[in-house]
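Structure first, commentary second.
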Amino acid sequence: MTVVTRRDPVTAASEGTSSTRLLKLRLCRFHVEKEKEPFGVTGGKRVRPPQTHRTMADSDLDFQTGESGASATFPMQCSALRKNGHVVLKGRPCKIVEMSTSKTGKHGHAKVNMVGIDIFTNKKYEDMCPSTHNMDVPAIKRLDYQLVNINESYMSLMGDNGEVREDLRVPESDIGKEIEAKFEAGEDFLVTVLCAMGEECAVATKVLPIK
Amino acid sequence: MAAVGAPEVITQLEGAAKVLMAPPSMVSTEQRQHAEHVFLSFRKSKSPFAICKHILETSKVDYVLFQAATAVMEAVVREWILLEKTSIESLRTFLLTYVLQRPNLQKYVREQILLAVAVIVKRGSLDKSINCKSIFLEVGQLISSGNPTVQTLACSILTALLSEFSSSSKTSSIGLSMEFHGSCKRLFQEESLREIFMLTMEVLQEFSRRENLSAQMSCVFQRYLTLANQVLSWNFLPPNLGRHYIAMFEATQNVTLKPSESWREALLDTRVMDLFFTVHRKIREDSDMAQDSLQCLAQLASMHGPIFPDESAQVSYLAHLVEGLLSMINGIEIEDSEAVGISNIISNLITMFPRSILTALPSDLFTSFINCLTLLTCSFGRSAALEEVLDKDDMVYMEAYDKLLESWLTLVQDEEHFPRGCFVQPAIQVFNSYIQCHLAAPDGTRNLSVNGISSHEEEEINELQEDDRELFSDQLSSIGMLGRVAAAHCIPLLTSLLEDRVTRLHGQLQRTQQHLMAASDLGTVDRKVLDDLYEDIHWLILVSGYVLADDPQGETPVIPTEVMEFSIKHSTEVDINTTLQILGSPGEKASSIPGCNRTDSVIRFSKALAFGIQSFYKLRKCVRLLSAVLRTSEVESRATRASLTELLSPQMGKDIMWFLRRWAKTYLLVDEKLYEQISIPLSTAFGADTEGAQWIVGYLLEKVINNLSVWSSEPELANDTVELLVTLVEKRERANIVVQCESWWNLAKQFASRSPPLHLLSSSVQRTLMKALVLGGFAHMDSDTKQQYWAEVLHPLQQRFLNLINQENFAQISQEESVKQEIVATLEALCGIAEATQIDNVASLFSFLMDFLSSCIGLMEVYSNTPETINLIIEVFVEVAHKQICYLGETKSMKLYEACLTLLQVYSKNNQSRKRSDVTAEEDQYQDLLLIMELLTNLLSKEFIDFSDTDEVFRNQDQGTPASGRTVSAADVVLYGVNIVLPLMSQDLLKFPSLCNQYYKLITFICEIFPEKIPQLPEELFKSLMFSLELGMTSMSSEISQLCLEALSPLAEQCAKNQEKDTPLFIATRHFLKLVFDMLVLQKHNTEMTVAAGEALYTLVCLHQAEYSELVETLLSSQRDAVIYQRLADAFNQLTAGSTPPTMDRKQKVAFLKSLEEFVANVGGLLCVK
């Protein structure tokens, strides 16, 4: 059985009263998407709105996709971070591609130097902090959906539980072209959606396993 | 041949030269490339002698002259056999005269022309067509002319000859084999080299007599001095060295002087040595020349071998050298530029002269020498410290100091050959000065510049910078040895200094604490005093560690004899009760305990009392040094409890851990069987079944646990801490005590529960901690306890994991952060468990891990879109294969192969249909591939290293059919893996050197080990494998190229075995025949590769005889010149003469390889002509 929660994104935005978390998320998406376009081209001059971490206070908003009210980030001591792991740098969710320690003077305490790449924009960030400090680590999710339809650049994506969402645009990237081409060709395939700190983006495709 | 069109050629060349010499902005890249091409093809043109002569005589452009000289040199070698001997001789005369007549030639043009002359002489000496004698006659005349310009020219000729004959790295430039170079060199070193030396000595003699040297004269002087240095640094080739050995031999740096007997007269003459001392005295203020003259003396100091007729000759030579050296040093104030040279002389004579010769020196002379060495060492040490303060780029004194300390080590290691105790006083002086340089004022001089002002700058130190204990390990080893030689002085000195510093540190921390209570701001604390104390303690602990124990890699460390003797000697004066008390109270000040002066300074405990240790310990002096370190450790721990961690030095924490680990390896539970005599106090304090040992193990455990919670943020300190823990449990005897401690069990429980603070540790530290906990589990315990232990350590891991993955909705919750963390922690722990593998625990660990491996494959599915998890899962397999495969018997290996195969299948399935666009996609894939190749190589290593029951392994290998139940072989897994890796490998990825090496190593292994599997590969895979080989052979580094060539022989042999024609492999080998043929015959190649390429060629020729003949025919028919044709045809006939018809027979192959070498030497260069 397939439950379709289909809403036109524009009308959803104008409704503004829906209390579902999904809608909130979608509003955020929509908002971000509009700004994201120039961002992709100019390479990140835009000032992002302050990140509002979703906290437990939001959990009264029933989360339709079955997630708990887990926060978007959690703290971790610098020393426990690892290469290939994730961290929030300058307010952005990043994958750590380089990590090293240094100290000031022979008897100084360790500091951690990190280079991260924004998992959505590919922009590089660097940061250094005392290794005793806590850093925010973004909760990262990768979910696979089956692509059902593309409507005016919005994907209809069906999750494992049969629910369909239509709030994600086809990204303007190679993978976006890939998605459109595969869809045109009538192929059955999965789309992997990467989700962190309230932002979502399709990052990979995968041909459906033959059952 | 007339110079047809010579003016045009010259115009073209001069135009091209102008382009090449123009500033980069003036010409385009294309123009530049074109100009380069003009010169390259000019140099390749056939018989360019006439035109070159013409150019040399007419052109005014230096660069064109240079190129003409190069063209002549290359062409002479290339066309040697076609040239008349007389025309070669006239060419040589022309070149030499040319240079003589043009004193104003640019230096680089002149040198190039002389190089051409030298090459002609060398090539000529091969077929004896040129006699060197006449050249030396000419040069001798030039020298005696007295004209500085002409003398310089003479020097240049000799230098050119010397470098052409000396080095075999020039091989490729004349395309001759190592043997030819070797025999040229041997011939040269017997006569011509000595002639050059004699000529040089005459010149030096002459100059050293003159009073005032003009600038021009001293320039000539310097050139001859350099030449003398080159002669004395000649790497004398011993007779009868195999070809392989020659290549190795030529690569050695720091050549020592080992002339043949024929040099006796020339070098044993004391006037030679005196001359060099005189020369040095004369020019020592000129730093460039001084380096050469000192280097000459250093070479003379390294002289050894058949040149000495007997021992007495050697003794008198050495005595003369030492006398000369002492009178040279004593009369002067040493210049900065002399330090390294002088230390080289000393280091060479100490290293090269046998102990018996050194001790045969007159005792006065020997004593003066040792005293001089002592003073010099201390003085260089102080200057080195000064250099560090000034942060000089060029640390000449440091280098000199290192050399001298190394020489001390050499001397002291052979102490028994020398008069007893003769090194004690020098050792004390050197040791004291080292300590002094490393302590802060007022005791020491650290960071003090010349005017006594101390500098204190904090520099940024990154993790790549080595810790002092490694950076200065050579110095510290020497100082440690000297400290042992003078143990009676050095150990008490270290103890009292360390005790003093710890007391001061304690006081300073207390004062700071009070200050903080008032001001409560850490920023206001002056760290200068603390940092000075930390730095003092840092060096004192390092030196103590090096004095008390060695760090023998892989051997059982033993207590140094000197320390043992020292301990025994002082055991009688030890007051047992007091010693115990000190040892037991690391928190107390030693001097506050009455009678502490009578305790053994190597041990001091105080907590011992709290642990109920009775007063049956005798404490030794060496134990008191340990107790000083324990006190430092205790002060540190107390400061952490008082929340002063901020103020502590992680470096000091590391030092303490490092010392305790080094100490524990050697002293804890001493095995009395290893020693002839044992110090009673040492064995009663730390021997097996002693309460002292139990107490210290308990203390160390507490310390480790405290460190892991306090210092989780300091990765290096945490790492040193867990390494100490591993040391405590890796030996069964120590582990037996460890597992009796309650704190050990608490640690295990705490880690298993994944609660703070242990989970804050970095992943590598957590892995090592896991390793230690597993190792501890194999200690001796009764079966109930053991069961309980595993229930605490491993079962929670398994239970938590199973509970998690067996949840019905695991797939849904798998992306939740807490779930992902649990999974990552489990995978990390598995890596740690695999690391704990030893031969005696592999059975139980393997079955434990195997259960997980199958679950891990399930995880591969669930986390197929989560690259960091996938990567970690593969790593678990890599670790298990790496640590365990060599111990596994057949059935168990099979299980592992199967698991690996499934892993690879799932990986491949999940990746085939995936397309990613995120930034790190390429990096992730690179890491996966590297790990997979590592996994495959680990699995293959079973073929070389196998500790499992060999009978069982062999029984099944010889059977053609698979053993019953045998489902998967290593070959299947590896080939399947290659199947995954190959399509993903791109030429871009091969640009990562590590990946490229690993990849080619893997495919060469496969071709060598499973050639029979290659023909069965799927077509695509087969093609890409062959393409990879071709790519590796033709366009990678020579190392890779060699690997690929080595892979070809087994493939060709496989084809021959099968006897099937027209298989893809058969066709591919035919293609390789052409490639290898071209490579060997037509292209300039690295001579090192001749053997690998030759072996490949031979097997390929055996397989494709008809095609080979065709290749030869085609090559011959393209030759228009009848002489060349004949010569080539003969060469090819000779090449295969010893192996007709070619068969895969070792004897024939060897014959072929031998004639191939001649072939390459004869016609190799010939075919390169355009």
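List of remarks:
- Pairs, first among the basic types (Lys, Arg) in the range B:189-215, second not in a helix (DSSP H, G or I), C-beta under 9 Å, six or more apart: B:Arg194/B:Pro259
- In the set (1) farther than 21 Å from B:Val862 by Cβ; (2) buried (at least 18 other Cβ atoms within 10 Å of the Cβ), A:Pro130 fails one condition alone, (2).
- Residue check, B:Asn806 surrounded by 17 or more Cβ atoms within 10 Å (Cβ to Cβ), farther than 27 Å from B:Leu940 by Cβ and either within 13 Å of chain A (Cβ to nearest Cβ) or over 38 Å from the mean Cα position of the chain (by Cα) (or both): no
- Breaking point among (1) free of Cβ contacts under 8 Å to residues at least 12 places away in the same chain; (2) in a loop (DSSP other than H, G, I, E, B); (3) of a type outside the set (Lys, Arg), for B:Tyr1125: (2)
- Look at the range B:540-556: where a residue is farther than 21 Å from B:Ile491 by Cα and a partner is surrounded by fewer than 24 Cβ atoms within 10 Å (Cβ to Cβ), sitting 6+ places away or on another chain with Cβ atoms under 8 Å, you get B:Thr556/B:Asp671; B:Thr556/B:Leu674.
- Unique match (being free of Cβ contacts under 8 Å to residues at least 24 places away in the same chain, over 30 Å from B:Asp655 (Cβ atoms), of a type outside the set (Phe, Trp, Tyr) and facing chain B (nearest Cβ under 9 Å)) among A:Asn151, A:Asn122: A:Asn122
- Residue match in the range B:1025-1034 (condition: surrounded by fewer than 18 Cβ atoms within 10 Å (Cβ to Cβ), at pLDDT 85 or above and in contact with a helix residue (DSSP H, G or I) (Cβ under 6 Å, 6 or more places away or on another chain)): no
- Remark: pairs (first residue in the range B:838-853, at positive phi and surrounded by 14 or more Cβ atoms within 10 Å (Cβ to Cβ); second residue at pLDDT 90 or above and among the aliphatic types (A, V, I, L, M); Cβ separation under 8 Å; 6+ apart in sequence or on different chains) are absent.
- Restricting the range B:865-888 to residues that are hydroxyl-bearing (Ser, Thr, Tyr) and within 14 Å of another protein chain (Cβ to nearest Cβ) leaves a set whose member that is farthest from the chain's Cα centre (by Cα) is B:Thr866.
- Residue in the range B:815-827 that is farthest from A:Thr192 (Cα to Cα), counting only those that are surrounded by 19 or more Cβ atoms within 10 Å (Cβ to Cβ) and within 11 Å of chain A (Cβ to nearest Cβ): B:Lys820
- Total residues in the range A:86-107, condition buried (at least 19 other Cβ atoms within 10 Å of the Cβ) and either β-branched (Val, Ile, Thr) or within 9 Å of chain B (Cβ to nearest Cβ) (or both): 9
- Pairing each residue of the range B:145-165 that is among the aromatic types (Phe, Trp, Tyr) with any residue that is part of a helix (DSSP H, G or I), provided the two are 6+ apart or on different chains, yields C-beta distances under 7 Å for B:Phe165/B:Lys122; B:Phe165/B:Cys184; B:Phe165/B:Lys185; B:Phe165/B:Phe188.
- Qualifying residue in the range A:163-184 (condition: facing chain B (nearest Cβ under 9 Å), farther than 22 Å from B:Tyr863 by Cβ, assigned to a loop (DSSP other than H, G, I, E, B) and out of contact with any strand residue (DSSP E or B) (no Cβ under 8 Å at 6 or more places or on another chain)): yes
- Pairs are defined by a Cβ separation below 8 Å, a sequence spacing of at least 6 or placement on different chains, a first member in the range B:669-686 that is on the phi > 0 side of the Ramachandran plot, and a second member that is part of a helix (DSSP H, G or I); the pairs so defined are B:Leu669/B:Phe686; B:Leu669/B:Ala693; B:Leu669/B:Glu733; B:Leu669/B:Arg734; B:Leu669/B:Ile737.
- Contact annotation: residue pairs with Cβ atoms under 6 Å, 6 or more positions apart or on different chains, pairing a residue in the range B:486-512 that is crowded, with 21+ Cβ neighbours inside 10 Å with a partner that is hydroxyl-bearing (Ser, Thr, Tyr), are B:Leu494/B:Ser544; B:Thr495/B:Ser601; B:Val502/B:Thr632.
- Residue selected from the range B:269-283 under the condition among the basic types (Lys, Arg) and within 16 Å of B:Gln222 (Cβ to Cβ), by the criterion surrounded by the fewest Cβ atoms within 10 Å (Cβ to Cβ): B:Arg281
- Meets criteria (within 13 Å of chain B (Cβ to nearest Cβ) and hydroxyl-bearing (Ser, Thr, Tyr)) for A:Ser156: no
The values are calculated or read from the model by the stated rules, or taken from the named source; none is laboratory data. Since the model is a prediction, treat every value here as computed from it, not as a measurement. Ideal geometry is used to build each Cβ from the backbone, glycine not excepted, and the neighbour counts take in all protein chains shown.
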